[in-house]
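What follows is one structure encoded as structure tokens, with my remarks underneath.
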Amino acid sequence: MTKPRVSEADRAYLRGLGEANELICEPDPAATLEEMFRRIETMERNLGPLAAPGLLLDPALADREAASIALRFRRGRGLAA
């Protein structure tokens, strides 16, 4: 069996990812936890509602999900069924 070779297109794609990563790297990382939390608060203020979690957890929904999972196990189906 021949060892797969990396194509020039693969190399160009990975090179592009590396270059894009360099652009988004923070040039001055936070030196202390206090500074890190201050930056996070600033980001949250600037982003407004976009800073909120994407999925809000509703306790009632979590209970229904747990009950549904337990019912599946009681019926012998498991999670993968």
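The values are calculated or read from the model by the stated rules, or taken from the named source; none is laboratory data. All values derive from a computational prediction rather than experimental measurement. Here the Cβ positions follow ideal geometry from the backbone for every residue, glycine too, while neighbour counts run over all protein chains shown.
Summary of values
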quantity	calculated
Close pairs from region 2-16: first assigned to a helix (DSSP H, G or I), partner among the aliphatic types (A, V, I, L, M) and surrounded by fewer than 10 Cβ atoms within 10 Å (Cβ to Cβ), Cβ under 9 Å, at least 6 apart	Leu14/Val6
Members of region 21-46 that are surrounded by 10 or more Cβ atoms within 10 Å (Cβ to Cβ) and either assigned to a helix (DSSP H, G or I) or modelled with pLDDT of 95 or more (or both)	Glu35, Met36, Phe37, Arg38, Arg39, Ile40, Glu41, Thr42, Met43, Glu44
